[in-house]
Each structure stands twice: as C-alpha cells, then as structure tokens.
Amino acid sequence: MRFSLSSAGLQDWNGDVLAVGLPQGDPSETAAELEKRFNGLVATLEKRQFKGKSSETFVSNLLGGAEPQRLLVIGLGEAASIDLDGLRTASSKAAKAAVGCTGRLGLLLPWLSINPMEACQICAESIRLSLYVDQRFQKDPEPRQIPESIELIGLPEQAATGLQGVNAICSGVELARELVAAPPNVATPTLLAETAADLAEPYGLELNVLERDDCEARGMGAFLCVSQGSDLPPKFIHLIYRPEGEVKRRLALVGKGLTFDSGGYNLKVGGAQIDMMKFDMGGSGTVFGAMRSIAELKPSGVEVHMVVASCENMINGSAVHPGDIVRAADGSTIEINNTDAEGRLTLADALLYACEQKPDAVVDLATLTGACVVALGDEIAGLWSNNDAMAEALKEAAVASGEGLWRMPLHKPYKDGLKSKLADMKNTGPRPGGSITAALFLQGFVDKDTAWAHIDIAGTVWSDKGKGLNPPGATGFGVRTLVNWVLSQA
Ligand code: BES
Ligand code: MN
Ligand code: ZN
C-alpha cells in the first residue's frame, strides 16, 4: 500500500474515493466546504439525520464518471473529544467503506492539535491494518478491490516523516496475524523455525535453531517435557538483530510458542476452547512480527534477541504425566501438578536462555492464562514487571499504539501457592489469582538484576468479531507496542 500527503484541498482533490471527517453539531468550515464541492450534500445529510456522531457514516456513490466515484462522510463526535483513538476509528471506517473501489483514497480529517507526524502514522497504519483479510486457505478466493494508494489531505509537508515506518510496522502485524491464524497442522514448530530462516536471510539477521538434542544437552527439561507427547520435533529459535555501529542497549523478546495446546493429560474439556488453541503461539507470533518490523526499520543502538521455545502440548504414551517432576536448565525442579500449565514450563527455559544473552531488558509475551482473560477481557493485556521504569516505558509504547495494557501486581505472598512438598516448586497454584502466580513462576527464572516484563495476551490475541483495526480473527496484538518500545530504547 502506498501512502503520501496530498497538497490538494477539499475543492481540488481528485481520486477515486474521498473520505471526509465531520465533527458533531458543528456548522463547521468542513460542512461548508463540502457543500461548495458537492452541491446539495448538506441538505441530504440533514434529510438522513446525519449529525456527525461517531457512530455515523454516510456513503454516496457519485455517478457520472467524474472523480471521485465515492464520497464518504465520517461522523467524528464532539470536536473537542477527538483524540488519537478517534483518528484510528475514523481511518478504519474510511478504509472499510472504500472496499470495492480501487485506485486512490483521499482522507481529510480535522487534524486539530494532534502532532501531524503522529496523526499521519496512526491514520495510515489504521487504514492498512483494517483492510487486511486472510484468504490463504481458500480454493478460489474472491478477488478483492481495495484502494492501493492512500493520500492524507490537509497536513503540513513535514508530517510525511510519520509515513516512513508504516509499511514496515504493518508487515510485522500482518506476519503475526498470519502465524496465529494458521491452523496447527500448518503452523508447526518447524514452520516457525523456517519462518525465522526466511527473516534471517533477506534482512541479514543471525539465527540459531536448537534441536531436541541441543536442548537436552543444555538441560532444558522444562521445555522438553511439554513436547514429549508430540510427534512433531520441538524447535528452540534464537533470532538476533544487530545494529550497525555501537550497541547501547541489548533487549530480548521472548514469545510463548505452543503451536497447539491440548492441555495434555489435563485435557482441555468443557468450554476450555481446545479448538482455539492454535493461537497458543500468539506470543511468538508477536515477537516474530516485531522482529520483522525491526529488521526493516533497522534502529541503531539496540541489539534485539528473539527467543521462542516452540512445541506442541499433546498426548501419547510418552507424554508428561500429571505428577512428573522435571528439571529446568538452571537445575531447579518442578512438580507438574497440571499439564495444562505448560506455557510457563517452556518459558522457564526460554527466559533462562534469554538471560544468558546478558540483556539490559527482557520482555516475554504469552497466551498464558485464562485467568487473565477473566480479569481484563479481550481488549487489555496484563503486564507484570520487576522494574517500574520498564513498566512505564511499555505502557507508554502501548498508549502510542492504541493497545490496551494494564499493570498487575507481582504479589510475593502468592508464591506460596506454588510450594511443592517434593520438588522446588509446582507449576500451578490455586485458581484465584491464577495469572499472578503464573507471572511469579516466570519471575523465578529471570536474573534478579535484569529488568523484565511479562505480558499475558491470552485475551487480546484473538477477536472473534473483530473491532476497529482488527478484522475478525488474529489481531497481531503487541507488535506495535513492542516495536514502539524497542525504538524508544534506541
Ligand atoms: N494456553 C492456555 C491459556 C489460555 C486459556 C489462553 C484460554 C487463552 C484462552 C494455558 O496454557 C493454560 O491452559 N492455562 C491454564 C493454567 C491453569 C491450568 C493453571 C488456564 O488458564 O486454565
Ligand atoms: Mn495449557
Ligand atoms: Zn497454553
């Protein structure tokens, strides 16, 4: 998708679809300008009782062959209340209402006091992300007609810098969506390893893939026990972005990579969404997506390590038993009182490995607990961190990208719930506060003086109905937050 600024105004912009935002109850200049160009439009809007509320969109296909072919008027709500999210929603609506038209889409919004560069980036990202559809698994996909060139009208020239990273970021979000939406017979640990190789080659990233034997040699018993009931080989994937010049910060992005989670012998039954558990590699989808964007944006000063311990949680005669005691790479022993709390086992060894890279900060993303979905729903991810500055930086990055993130407590006393009589710990505590004990479990495998954050994306990885920029299905949640965060560290 091509993005540019147009130096034209409402009177002289010519293209295929013109989208204009109109604030509520405002006999604004925009309305007068619209009337000047499209004679009778104001009367028509009145007849339709279009008030400019944020729920309203007016679409008119203009006949006669003259440009534009389609006019969209998008209600923006009260002028005073239009913020970044308002821009996102309006852009997303413009994009969706433009489906069916090819060529050029012009978008004119009251840009107000919002930083024009930021406005540019937000609108362009929202348009591309809203138009994404996944037709990979259809025999004869219906050809889609969407605008290929997007022009933002009425912004100062210097705002164009905001467009520079848009395609790199959106490609990362789309990679995450594609990986997460791919079914578990396609998105296997091997496919993830191949995807890493496909990123490493063109972007000159370094890649190490540890096979089962390598993981065994490193004593990764927590990770390997999860994979032992699966016919598919596990893959431990380490992808590295090294900047040109001096490295000022070293970061690690760790993603849960369960390509399918049956629950194991604690099988997912009765509404436990076993049929959705292809999305249990959502954390790795996000870190893969972020690495793709970072590789393309090439920030200086930051080295970024992506670590994904990928496998399936399945059942056969070799599968881990409830009650087994396994040993993680640091030697600590874990009594598996629930085979369905497998993500934290894989992450234990992934976090230990990540910390060996001596990073300044580590963030892990995981579809870790149903408890987090209960606590925060499907629009807000949970954030746990041992470092206030890091938590703040991540929250800021999330706000800038319009992704919901809420800090949760690492409440030490709850660690008692993980006490085992035989081993150093159990993998599961009591149901109440389940997302907190999961985070505390992970914290045990992170160097005390390394800044670390854990983001539980169990609720946000998927949206059945779709909303805003997210078409129904995999959301690609977290990619933009991670990329913004990495760039802020550069
Ligand atoms: N992958 C699931 C978490 C999950 C559940 C994500 C529902 C999205 C929707 C994870 O491996 C899991 O099964 N967690 C258990 C932990 C429990 C056994 C302590 C859970 O949340 O029920
Ligand atoms: Mn599970
Ligand atoms: Zn899981």
* **Dipole magnitude of region 171-321, debye to nearest 20 (Cβ charges: Lys/Arg +1, Asp/Glu -1, about Cα centre)** => 460
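Would you mind getting the Kirkwood hydrodynamic radius of region 167-489 from its Cα pairs, rounded to one decimal in Å? Numbers along the way, then the final one.
On the way: mean 1/r = 0.0526 Å⁻¹.
Its Kirkwood hydrodynamic radius stands at 19.0 Å.
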* Treat every Asp and Glu Cβ in the chain as -1 and every Lys and Arg Cβ as +1, leave all other atoms uncharged, and give the resulting dipole magnitude about the Cα centre to the nearest 20 debye. => 760
* Structure fact -> When the charge dipole of region 2-160 is computed with +1 at the Cβ of Lys and Arg and -1 at the Cβ of Asp and Glu, the Cα pointing farthest to the positive end, of Asn39, Pro23, Trp111, is that of Asn39
* If we restrict to alpha carbons, what Rg and Dmax does region 190-249 come to, in Å? -> 14.2, 45
* **Three-way shape call for region 20-169 based on the alpha-carbon gyration tensor, with the a/c threshold at 1.5** => oblate
* Asked: By how many nm would the segment from Thr333 to Asn39 grow when fully extended, if each residue of separation counts as 0.36 nm and the alpha-carbon distance is taken off?
  -> 98.2 nm
* Structure fact -> Going residue by residue through region 288-298, the Karplus relation 6.51 cos²θ - 1.76 cosθ + 1.60 with θ = phi - 60° gives ³J(HN,Hα) values, rounded to whole Hz and with x marking Gly or Pro, of 4, x, 4, 5, 4, 4, 5, 4, 7, 7, 6
* Structure fact -> Partner lysines whose C-alpha sits under 27 Å from that of Lys415, ignoring same-chain residues fewer than 8 away, are Lys256, Lys268, Lys358, Lys395, Lys426, Lys448
* **Radius 11 Å from Cβ of Val446, net charge of other residues (Lys, Arg +1; Asp, Glu -1)** => -3
* In whole Hz, what ³J(HN,Hα) sequence does region 174-184 give by Karplus (6.51, -1.76, 1.60; θ = phi - 60°), x for Gly and Pro? -> 5, 4, 4, 4, 5, 5, 5, 6, 4, x, x
* State the extension gain, in nm to one decimal, for the chain segment bounded by Gln49 and Ser113, taking 0.36 nm per residue of separation less the distance between their alpha-carbons. => 20.2 nm
* Can you spot the lysines whose alpha carbon is less than 18 Å from Lys93's alpha carbon? Ignore those fewer than 8 places along the same chain. => Lys51, Lys53, Lys465, Lys467
* Asked: Mean residue ellipticity at 222 nm from the helices of the chain, using -39,500 (n - 2.57) per DSSP H segment of n ≥ 4 over the full residue count, to the nearest 500 deg cm²/dmol?
  -> -10000 deg cm²/dmol
* Among Asn185, Thr195, His411 the positive-end extreme of the charge dipole of the chain (Cβ point charges) -> His411
* Structure fact -> Taking a ≥ b ≥ c as the square roots of the eigenvalues of the Cα gyration tensor, with a/c under 1.5 meaning rounded and otherwise prolate when a/b exceeds b/c and oblate if not, region 159-274 is oblate
* **Eligible aspartates and glutamates near Lys421 by straight Cα distance, threshold 14 Å, same-chain separation 8 or greater** => Asp324, Glu335
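Each reported figure results from applying straightforward, stated rules to the coordinates on display, with no laboratory input. None of the values given here were measured: they were computed from a predicted structure. Please note: Cβ atoms are built from the backbone with ideal geometry, for glycine as well, and neighbour counts cover all protein chains shown.
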